[in-house]
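One structure below.
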Amino acid sequence: MKVADMYSKGTVHIPMSCTVQEAAKQMRDQHVGALAVTEGGESGRVIGVVTDRDIVLKTVAQGVAAADILVGEVVTPGMLTVDAQADSVDAMQTMLSHGVRRLAVTCGDDRIVIVLSLDDLMEAYGRDMAMLSSLLANARNRERTGSVQSALHM
């Protein structure tokens, strides 16, 4: 399965000059756990990523008000990337070897188009496993009931 087949939402960007509170609200509103951090607006250069975990560890756990600290102060610099046409196994291997739960997905021009998460991988493989399970259950049911497969029409 290709990485390009596994995601559904566009990348959510946030300028490094926004507050952590604004980042948290955007995560909530977009139902994501990570934002690509840019210099400037959405078209700015991506300098890293901020995750919900970064917010907890670098603000809340430190007793810092999220409205009083900028995203640029809690950003994790850089992002690991995977090409959209790469095999999902390659994406999983990258995640495993680097101990991360998210990868930036790029197109041929290195432009980030999405952030692929471990949840995205689980959902995609879960759908495939559910389909495989249904296929197996249907085959077993046909065997038990003595049903014969209908003629194939081409």
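The values are calculated or read from the model by the stated rules, or taken from the named source; none is laboratory data. Given the structure is predicted, the values throughout are model-derived calculations rather than measurements. Here Cβ is always computed from backbone atoms with ideal geometry, including for glycine, and neighbour counts include all displayed protein chains. Accessible surface areas use protein heavy atoms only, side chains included; no ligands, DNA or RNA. Shrake-Rupley method; radii C 1.70, N 1.55, O 1.52, S 1.80 Å.
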In region 108-128, is there at least one residue being in contact (Cβ under 8 Å) with a residue 40 or more places away in the chain, among the hydrophobic types (A, V, I, L, M, F, W, C), assigned to a loop (DSSP other than H, G, I, E, B) and open to solvent by less than 80 Å² (accessible area, probe 1.4 Å)?
-> no
Flagged in region 69-90 as at pLDDT 95 or above and in contact with a helix residue (DSSP H, G or I) (Cβ under 6 Å, 6 or more places away or on another chain), in numbering order, are 69, 71, 74
Taking region 9-48 and the residues there that are in contact with a Ser or Thr (Cβ under 9 Å, 6 or more places away or on another chain), hydrophobic (A, V, I, L, M, F, W, C) and open to solvent by less than 20 Å² (accessible area, probe 1.4 Å), the one that is modelled with the highest pLDDT would be 20
Heads up, the helices (runs of 4 or more DSSP H) in region 26-100 (entirely inside) with at least 2 residues that are in contact with a strand residue (DSSP E or B) (Cβ under 7 Å, 6 or more places away or on another chain) and not hydrophobic (A, V, I, L, M, F, W, C) are 88-98
